[in-house]
Amino acid sequence: MASLKEIRARIGSVTSTLKITSAMKMVAAAKLHKAEERTLSTVPYKNKLTDVLARYMGSIDDENFKVSLSVEREVKHVTLIPVTSSSGLCGAFNSNIIKLLKKSIAEHLEAGHKILIIPIGKKVADALKYTIRLNENIEIDSNYVHICEKPDYNKSSEVAKSLTESFTNGKTDRIELLYNHFKNSGVQIPTCDQFLPLPSIEAKSGSNRLYFVEPDAKTFVENLVPIVVKLIFYATLLDSYASEYGARTTAMQIASDNAQNLLSEITQQYNRARQESITTDLIDIVSGSEAVRN
């Protein structure tokens, strides 16, 4: 059995760890609250803007009119954008996206596609260096690794604009976003969404006849689509950011609970060892006293 000194040292170590995990949980919870507010305030705006776009598309009588960013074509080049965090201590948040990325890479390679990976987050960038097997059909662009650390609309808009140009110029035929969707603080869902071509804008006919736009509906729609695309990308970063702090809050809560349970066990062990030591000392004293009397 460990000595009382060793047990006291363990108690001190676990207590220090408990203080750290509790503090990290409080910080993560505060950041989660702010991130959740930003996400919940952005999503309705994105949905409404998408609805406006769909309504104006429904007002265009030309059946041959198609939004350039929603045109499907034969897929030869794919761009994958995995979004993780740049730090750990958030449970399976990062590993789930890395697994999803490996699966997506395998599927596209099997289909004969060339792949460009744009990692967002240091953890997935490190995985691409050390744990994900690459070949000549995979290219990596590491220019946007750190934009996940504090999502900013202007920076995310620059990235979305660059992706839009790549799609328009034919450098890539499909762009996919791999991220954790925030459901609540305890649940984050690994998700793979098609970013471009726009997959889900369905025209709503007959609902927009009372409005007039200049110079015409086609031009209005073509100008509105890039704004929608930028907002979708920004909302994805916010979604992942909220998921990160939800996962970190949960992870630190679990770590604090484990530390508290371990501290209770070690304290009981210490009390038993101390009681045994006291009992042994008493036996020695009584035995010595009996020996003196005899």
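The values are calculated or read from the model by the stated rules, or taken from the named source; none is laboratory data. Every value quoted in this text rests on a predicted model; they were computed, and no experiment measured them. Cβ atoms come from the backbone with ideal geometry, glycine included; neighbour counts cover every protein chain shown. These area figures cover heavy atoms from the full protein model, side chains too; ligands, DNA and RNA do not enter into them. Shrake-Rupley method; radii C 1.70, N 1.55, O 1.52, S 1.80 Å.
Structure above, values below:
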| read-out | value |
| --- | --- |
| Within segment 90-126, tally of residues that are open to solvent by less than 10 Å² (accessible area, probe 1.4 Å) and farther than 17 Å from Thr191 by Cα | 2 |
| Search result, residues across segment 161-185 that are touching a helix residue (DSSP H, G or I) at 6+ places or on another chain (Cβ under 9 Å) and open to solvent by 50 Å² or more (accessible area, probe 1.4 Å) | Lys161, Thr168, Lys171, Arg174, His181, Lys183, Asn184, Ser185 |
| Any strands (runs of 3 or more DSSP E) falling wholly within segment 58-153 and containing at least 1 residues that are without any contact (Cβ under 8 Å) to a residue 60 or more places away in the chain, farther than 29 Å from Ile254 by Cβ and not polar (S, T, N, Q) | 114-117, 138-140 |
| Residue list for segment 198-239, filter: at pLDDT below 75, within 34 Å of the chain's Cα centre (by Cα) and surrounded by 14 or more Cβ atoms within 10 Å (Cβ to Cβ) | Ile201, Ala203, Lys204 |
| Long-range neighbours under 8 Å by Cβ, at least six apart or interchain, first residue under 18 Å from Tyr245 (Cα atoms) and hydroxyl-bearing (Ser, Thr, Tyr) within segment 35-54, second outside any helix (DSSP H, G or I) and modelled with pLDDT of 80 or more | Thr39/Phe182 |
| Residue match in segment 246-259 (condition: modelled with pLDDT of 80 or more, open to solvent by 60 Å² or more (accessible area, probe 1.4 Å) and more than 21 Å from Lys31 (Cβ to Cβ)) | yes |
| Residues (in contact with a Ser or Thr (Cβ under 9 Å, 6 or more places away or on another chain) and either among the acidic types (Asp, Glu) or closer than 19 Å to Ile147 by Cβ (or both)) located in segment 75-100 | Thr79, Leu80, Ile81, Pro82, Val83, Thr84, Ser85, Cys90, Phe93, Asn94, Ile97, Ile98 |
